[in-house]
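Novice: First the structure, then my questions, so here it is.
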Amino acid sequence: SLLAIAAAAAALASTPALAQPAIVTMQLDSAVTLLTAEGYTPADEAVMGRLAEGAEEEFELDLQRGVHYAIIGFCDGDCTDLDLALSDGDGEEVDSDYATDDYPVLEFDNERTGTFVLSVQMATCSSRQCHYGVRVFRR
């Protein structure tokens, strides 16, 4: 069901009259509305940025043991493939979404409390840099 929610929010990227950052903001806002209806709550503020094709950015996340998490990403209309990967403190991959789409979703039950590293990878971007946004939810 998270993929259907992500796809619905990603469809907003085809709105031609909006600036690229506004598209990502609107997608993230829609995801909050849709995921809240599914029993999720935002775990923190959204992270937004810009990356060139092939570039990657990493963020640290403090996650709690025993919590079900969903991490969702979106990118603008110039991006057709955004990927997410989450690693634990030992560098072991916990979850990833490398599918060829512009709305990656990670969903998992966390098995330990600690600091994790979220990697955001701009796989395909048709402009100099593409805008992206990522939000963490918990249930």
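Novice: Give, in nm to one decimal, the length gained when the segment between Ser119 and Glu45 is fully stretched (0.36 nm per residue of separation minus the Cα-Cα distance). Could the numbers behind the result be given before it?
Specialist: On the way: separation 74, 0.36 × 74 = 26.64 nm, distance 1.66 nm.
This chain segment gains 25.0 nm when fully extended.
Novice: Find the eigenvalues of the gyration tensor of the Cα atoms of the chain, then list the square roots of 5 times those eigenvalues as equivalent ellipsoid semi-axes, largest first, in whole angstrom.
Specialist: On the way: eigenvalues 111, 62, 25 Å².
In descending order, the three semi-axes are 24, 18, 11 Å.
Novice: For helix 20-37, what angle does its Cα long axis make with the longest principal axis of the chain, in degrees from 0 to 90 and rounded to 10?
Specialist: 40 degrees
Novice: When the chain is treated as a GNM, springs tying every alpha-carbon pair under 10 Å, which of Val24, Val105, Val32 comes out with the largest mean-square fluctuation?
Specialist: Val32
Novice: What order, most packed first, do the peptides 35-46, 77-88 have when packing is the mean number of other Cβ atoms within 10 Å of each residue?
Specialist: Packing proxy ranking, top to bottom: 77-88, 35-46.
Novice: Using a 7 Å offset from Cα along Cα-Cβ at Gln64, what residues in region 83-114 end up with backbone N under 15 Å from the label point?
Specialist: Within reach of a label on Gln64: 109-114.
Novice: First measure r as the distance between the Cβ atoms of Asp88 and Glu38, then evaluate 1/(1 + (r/R0)^6) with R0 = 25 Å and state the FRET efficiency to the nearest 0.05.
Specialist: Values: r = 25 Å, r/R0 = 1.02.
Rounded to the nearest 0.05, the efficiency is 0.45.
Novice: Something else now. What is the Å³ per residue value for the convex hull set by the Cα atoms of region 79-139? Show your work: numbers first, answer last.
Specialist: Numbers: hull volume 5.5 nm³, N = 61.
Residue-normalised Cα hull volume stands at 89 Å³.
A short reminder: the numbers here are calculations on the coordinates, not readings from a lab. Owing to the predicted nature of the structure, the values given are computational and were not obtained by experimental measurement. Positions of Cβ are generated from backbone atoms using ideal geometry, with glycine treated the same way; all protein chains shown enter the neighbour counts.
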